[in-house]
Structures are given as structure tokens and as C-alpha cells.
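A.B. asks: Okay, here's the structure, questions in a sec.
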Amino acid sequence: MTYLPLKRAFVVVLLGLAGTAAMAQEAADATAGQGETAPQALRIGVVDVARVVSESPQAARAKTSMASQFAKRKNELEAQSNALRQDMDRLSQDGSVMSEGDRESLQSDIRDRQRELQMQRSKYNDDVSDAEQKEFDQMRADILEVIDQYADDNGYDLILGDGVLYTSDAVDVTDEILAELKGG
């Protein structure tokens, strides 16, 4: 048995749905002359969300904002790391000719600075992660708003992406499912 790649299989299913909708429309057209109302065919669209996110102007703006917001801290951390590395190199090269007190003092200073640098890097990474999540949430909200408006303006009943991004009342069965779950 051969398996279709997921995206191709999804397209096959959508084409099957479109074919079914077309056959339903043909049957409705045939019976329309007999006094019955014809059901409307569903209009379905698909959005490549990953591409929208990566190519949107909001993504470029977020990337620029993040770079400028954290550039100073990143440069400071790199400078501290370089200075620490220089002192570690000096200790390894000159440690044998240093007095015991100077060597122990430098070792202690290096350990303290390593711990401090590690804490600062961790805080920096947390702050970057939080800011990225905030930017992503805002960008996602903007994109979903545009998708909703586009779907409304163009008469789409269903927009699919990584999940369902939009449905019209014609295909929304949420109330019925909730009623079933409540035992009604």
C-alpha cells in the first residue's frame, strides 16, 4: 500500500469535497425547476500560514524591532564574555608565575564573573523569548483579522490552514456539537 504525503492527501480530500459539492449543485440545479430551492455550493480556501507568517510585513517589522530592542544588551554580553575569556587566557598563561594570592584572586574573580554572565545570559534569553512570543501573538491576531475580513469580503464559507481559521455560519456546527455533548 502506498501512502500519499499529507499535503497531497489533503488536496485529494478537498478535491473530493469540491467534486461532491459540484455534484450536489448539479442535482440542485436539476430539481430547481421542480419548485425546490437549490443548496449553495460551499466556497473553501486554504492558507499557507507558515508562508504568510514568514513573508508578511508584520514579520519583517517584528524582526527589525527585536533586533534594535536587544542589540545593546547582546553587545554588552558579548563584550563581557570576551573580557572574561581574556582573563581566563591570562590565568592559564601567567598563572604559574603569579603569586598565589594574585592567582587565587583572579580565579575567584573569574568564577564570580562566569556566574554573573551566565545569569545575565539566562535573563537575556528569557526576555528575548517573552518579547518574541508577544510579537508573534500580535502578528497572529493581525493575520487572523485579515483572513476573516478576506473571507467575509469574498464569500468564503471555510478557510483552512494549520487548523480551521474561519467558518461561515453555513458550515459551523459548534452549537450542535455542544448540544450533543450536553446530552440535548
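The values are calculated or read from the model by the stated rules, or taken from the named source; none is laboratory data. For clarity, every value in this text was computed on a predicted model and none was experimentally measured. All Cβ positions, glycine included, derive from the backbone under ideal geometry; neighbour counts span all protein chains shown.
A.B. asks: Kindly establish whether D112 is among the acidic types (D, E) and within 29 Å of A50 (Cβ to Cβ).
C.D. replies: For D112, the condition - among the acidic types (D, E) and within 29 Å of A50 (Cβ to Cβ) - is not met.
A.B. asks: Please go through region 80-113 and give me each residue that is surrounded by 14 or more Cβ atoms within 10 Å (Cβ to Cβ) and among the polar types (S, T, N, Q), ordered by number.
C.D. replies: Scanning region 80-113 gives Q80, S81, Q107.
A.B. asks: Filter region 44-79 down to the residues that are within 25 Å of R115 (Cβ to Cβ) and not acidic (D, E), then identify the one that is nearest to the chain's Cα centre (by Cα).
C.D. replies: F70
A.B. asks: Answer yes or no as to whether D130 is assigned by TED's automatic domain parsing to the domain that holds A67, at pLDDT 95 or above and under 19 Å from Q58 (Cβ atoms).
C.D. replies: Numbers: assigned by TED's automatic domain parsing to the domain that holds A67: yes; at pLDDT 95 or above: yes; under 19 Å from Q58 (Cβ atoms): yes.
Criteria met by D130.
A.B. asks: Do we find that D102 is over 25 Å from A67 (Cβ atoms) and assigned by TED's automatic domain parsing to the domain that holds S56 in this structure?
C.D. replies: Against the criterion (over 25 Å from A67 (Cβ atoms) and assigned by TED's automatic domain parsing to the domain that holds S56), D102 qualifies.
A.B. asks: Identify, from the list Q80, Q69, Q86, Q114, the residue that is farther than 30 Å from L158 by Cα and without any contact (Cβ under 8 Å) to a residue 24 or more places away in the chain.
C.D. replies: Q86
A.B. asks: Given the criteria under 30 Å from D162 (Cα atoms), exposed (fewer than 13 other Cβ atoms within 10 Å of the Cβ) and among the small types (G, A, S), does S68 qualify? Reasoning before the result, please.
C.D. replies: Values: under 30 Å from D162 (Cα atoms): no; exposed (fewer than 13 other Cβ atoms within 10 Å of the Cβ): yes; among the small types (G, A, S): yes.
Criteria not met by S68.
A.B. asks: What single numbered condition from (1) part of a helix (DSSP H, G or I); (2) under 23 Å from A83 (Cα atoms); (3) not hydroxyl-bearing (S, T, Y) fails to hold for M98?
C.D. replies: (1)
A.B. asks: Consider only pairs whose beta carbons are under 8 Å apart and that are at least six residues apart or on different chains; among these, list those whose first residue lies in region 157-182 and is at pLDDT 70 or above and whose second residue is assigned to a loop (DSSP other than H, G, I, E, B) and polar (S, T, N, Q).
C.D. replies: Listed by first residue and then by second, the contacts come to D157/S168; L158/S168; A170/Q40.
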